[in-house]
Amino acid sequence: MTGPTPEGGNPSGQATVPASARTGPVSHAIFRVARLHRMIAGQLLRRVGLHRGQELVMMQLWDVGPQRQTDLVRLLDSDAATMTRTVQRLEAAGFVRRRTCPGDKRAVIVEPTAASHALRREVEQIWSELEDGVTGGLTADERATALRVLERLEANLARATAATP
């Protein structure tokens, strides 16, 4: 085996798996892929002034329209503090507006602004670039297989999470 590169892999392009992680090679691969995916997504989103994860909030608002902030927390599997910071940053950038819910003065409604609608096409292009970077070189069948496997892994993890007290 050749030695590791400064990036943590080896010259063949295969990541070096630490001995302590060899009992979980799939989990280690998921960790590596997720880390790289987050890094590239962050770089691409910076071009339009967004931080990673903010585009998911915007996608939800673009598709469904104004929503209670607590619903965004639930739909995006976030926590209240993180969502509050995300919405505040999006509001400061001019992409969302917050208002009090008319029927419940304790609830906050988050809605996309006209400025955010201009951003939508750019975010969709970024996600297309990200998808091409992830799946480049795969055939349509390989892409479909990868998606099925990832969906199954997600379902396994969701069941494990639900079973954890």
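The values are calculated or read from the model by the stated rules, or taken from the named source; none is laboratory data. All values derive from a computational prediction rather than experimental measurement. Here the Cβ is made from the backbone with ideal geometry for all residues, glycine too, and neighbour counts use every protein chain on show. When the accessible area is computed, the model is the full protein with side chains, heavy atoms only, and any ligands, DNA or RNA have been set aside. Shrake-Rupley method; radii C 1.70, N 1.55, O 1.52, S 1.80 Å.
Worth a mention:
- Relative to the dominant Cα principal axis of the chain, helix 80-92 is inclined by about 70°.
- Per residue, the chain exposes an accessible area of 68 Å² to a 1.4 Å probe, with every protein chain left in place.
- Radius of gyration, Dmax [region 73-165; alpha carbons; angstrom]: 18.4, 52
- For Arg97, distant residues with modelled amide H under 5 Å away: Glu111, Thr113
- Across the accessible surface of region 82-165, with the other protein chains kept in place and a 1.4 Å probe, carbon and sulfur atoms take up 55 percent.
- Dividing the radius of gyration of the alpha carbons in region 76-119 by their Kirkwood radius gives 1.00 for Rg/Rh.
- At R0 = 22 Å, FRET efficiency that the Cβ-Cβ distance of Asp79 and Ala115 yields, to 0.05: 0.25
- Zone of Ser27's modelled label, taken as backbone nitrogen in region 133-165 under 13 Å from a point 7 Å along Cα→Cβ: 157, 160-161
- Local electrostatic count at Arg148 - Lys and Arg +1, Asp and Glu -1, tallied over other residues with Cβ under 13 Å: -2
- Extended-chain gain in nm, criterion 0.36 nm per residue less alpha-carbon gap, Met59 and Leu130: 24.0 nm
- Which labelled figure in (1) 19.4, 65; (2) 63.5, 201; (3) 17.6, 59 is Rg and Dmax of the Cα atoms in Å, once derived from the coordinates: (1)
- For region 27-43, the residues whose amide N sits under 17 Å from a probe point set 7 Å from the Cα of Ser20 along the beta carbon direction are 27-29, 31-32.
- ³J(HN,Hα) computed for each position of region 117-128 - Karplus, 6.51 cos²θ - 1.76 cosθ + 1.60, integer Hz, glycine/proline x: 5, 5, 6, 4, 4, 5, 5, 4, 5, 4, 5, 5
- Among Val134, Val149, Val123, residue whose mean-square fluctuation peaks in a GNM of the chain (springs only between Cα atoms under 10 Å): Val149
- His51 contributes about 110 Å² of solvent-accessible surface, heavy atoms of the protein only, 1.4 Å probe.
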